[in-house]
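The values are calculated or read from the model by the stated rules, or taken from the named source; none is laboratory data. Worth saying up front: this structure is predicted, and the values here are computed from it rather than measured. Backbone-built Cβ (ideal geometry, glycine too); neighbour counts: all protein chains shown.
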Amino acid sequence: MGDMDESTPPVRYPEAVTVADFAANLAAVRARIAAAAARAGRDPDEVRLLPISKTVPADRVRLAVAAGCRQLGENKVQEAKGKAAALADLDVSWSVVGHLQTNKAKDVVAFADEFQALDSMRVAQALDRRLAAADRTLDVLVQVNTSAEPQKYGLEPADVLQFLREVSDLPTLRVRGLMTLALFTPDSELVRRCFRRLRAVRERVRDVDADLLGPGELSMGMSGDYEVAIEEGSTCVRVGQAIFGARATPDSHYWPSAADPAPSGD
């Protein structure tokens with residue numbers, strides 16, 4: 001989902017450059033969250049808005065914080081680490097939502113409050129070792145590949161239960177739920193199926209052992225599809241462009257080719 005026509009400028013999401021711009025964008029997104037929740041008979045307070053600040057320089061992120069952002073998500077650990085240091089004077093918590101290499105585990109442990117893209121035991125064990133040394137815990141969501149695209153990171157739905165059982169032996173990781181990316185397509189029904197698949201995975205795990213998923217969060221939905229995600233049960237939407245503005249490159253630049261795994265944020 002998102003702006004698919006690369007021949008036209010990305011006018012759907014104007015760039016926010018003042019605190020007032022950010023406040024207006026946040027209000028608009030929250031209003032759409034509330035409307036989507038109402039359509040599904042849900043309480044909008046059940047849906048957490050996670051602004052995704054990837055590629056946005058720290059000075060503009062500071063304006064977003066002044067407008068009310070208190071939790072921010074980033075795809076790349078190095079970019080997130082730099083912004084966390086630059087904005088250390090602010091009351092902000094950081095969520096890493098992109099794929100993690102094991103050698104970056106120490107960086108996540110140093111600044112992040114949440115990791116939303118756990119997809120292998122190697123990464124889980126690397127985080128556990130670093131967290132144990134730092135005497136702290138970390139909230140994590142397990143990434144699931146619900147689109148069946150081979151280029152995307154994430155566990156196969158059939159493998160989630162066993163993975164959660166193994167992760168439950170690592171005391172520093174607090175599993176809070178599941179995360180996914182839908183197909184990148186204007187076909188809302190295909191997108192909806194991805195979100196339904198994640199919800200079904202959660203329900204299957206709960207039927208066996210609900211404790212494996214903690215509160216059972218479902219992180220799904222980005223700027224182009226978060227309303228559909230909410231209708232299908234999302235408890236966390238990862239919204240970037242609708243808050244910060246369109247990026248200089250089209251959405252497809254951030255989506256994978258067969259050799260380039262997908263990003264996990266907006």
Report task. Could you please let me know if L183 is without any contact (Cβ under 8 Å) to a residue 60 or more places away in the chain and in contact with a Cys (Cβ under 9 Å, 6 or more places away or on another chain)? Result -> yes
**Report entry** Every residue from the stretch 80-122 that is touching a Leu at 6+ places or on another chain (Cβ under 8 Å) and among the β-branched types (V, I, T)
**Finding:** V92, V97, V108, V109
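Taking into account only those residues within the stretch 30-43 that are assigned to a helix (DSSP H, G or I) and touching a residue at least 12 places away in the same chain (Cβ under 8 Å), which is surrounded by the most Cβ atoms within 10 Å (Cβ to Cβ)?
First, pick out the residues of the stretch 30-43 that are assigned to a helix (DSSP H, G or I): 30-39.
Next, only the ones that are touching a residue at least 12 places away in the same chain (Cβ under 8 Å) stay: 30, 32-33, 35-37, 39.
On the way: R30: 15, R32: 17, I33: 24, A35: 13, A36: 22, A37: 19, R39: 11.
Residue satisfying both the conditions and the ranking: I33.
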Requested in this report: Determine which single condition D211 fails, assuming it passes every other condition in (1) farther than 18 Å from S234 by Cα; (2) free of Cβ contacts under 8 Å to residues at least 60 places away in the same chain; (3) surrounded by 15 or more Cβ atoms within 10 Å (Cβ to Cβ); (4) not small (G, A, S).
Outcome: (3)
Requested in this report: Only residues in the stretch 77-88 that are within 18 Å of N103 (Cβ to Cβ) count as the first member; pair them with residues that are among the acidic types (D, E) and assigned to a helix (DSSP H, G or I), Cβ under 7 angstrom, at least 6 apart or cross-chain, and list the lot.
Outcome: V77/D107; K81/D107
**Report entry** In the stretch 95-120, the residues that are more than 23 Å from Q162 (Cα to Cα) and either surrounded by fewer than 21 Cβ atoms within 10 Å (Cβ to Cβ) or basic (K, R) (or both)
**Finding:** N103, K104, K106, D107, A110, F111, D113
Query raised in the report: List the pairs whose first member sits in the stretch 138-150 and is outside any strand (DSSP E or B), whose second member is surrounded by 22 or more Cβ atoms within 10 Å (Cβ to Cβ) and among the hydroxyl-bearing types (S, T, Y), and whose Cβ atoms are under 6 Å apart, counting only residues at least 6 apart or on separate chains?
Result: T146/T180
Query - Those residues of the stretch 121-177 which are farther than 19 Å from L218 by Cα, surrounded by fewer than 21 Cβ atoms within 10 Å (Cβ to Cβ), of a type in the set (D, E, K, R) and modelled with pLDDT of 95 or more, in sequence order - result: R122, R129, R130, D135, R136, E166, D169
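When you check V228 against the structure, is it under 21 Å from E114 (Cβ atoms) and at pLDDT 95 or above, yes or no?
Numbers: under 21 Å from E114 (Cβ atoms): no; at pLDDT 95 or above: yes.
For V228, the condition - under 21 Å from E114 (Cβ atoms) and at pLDDT 95 or above - is not met.
Quick check on the stretch 34-51. Is at least one of its residues under 17 Å from the mean Cα position of the chain (by Cα) and at positive phi?
Let us first name the residues in the stretch 34-51 that are under 17 Å from the mean Cα position of the chain (by Cα), namely 46-51.
Add one more test, that the residue is at positive phi, and what stays is none.
Scanning the stretch 34-51, I find no residue that is under 17 Å from the mean Cα position of the chain (by Cα) and at positive phi, so the answer is no.
Could you check how many residues of the stretch 195-246 are among the charged types (D, E, K, R) and in a strand (DSSP E or B)? Even if it seems obvious, please write down each step before you answer.
Restricting attention to the stretch 195-246, the residues satisfying the condition of being among the charged types (D, E, K, R) are 196-197, 199, 202-204, 206-207, 209, 211, 217, 225, 227, 231-232, 238.
Pick out the ones that are also in a strand (DSSP E or B) and you get 217, 238.
Here the count works out to 2.
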Query - Residue check for A86: surrounded by fewer than 21 Cβ atoms within 10 Å (Cβ to Cβ), at pLDDT 95 or above and not acidic (D, E) - result: yes
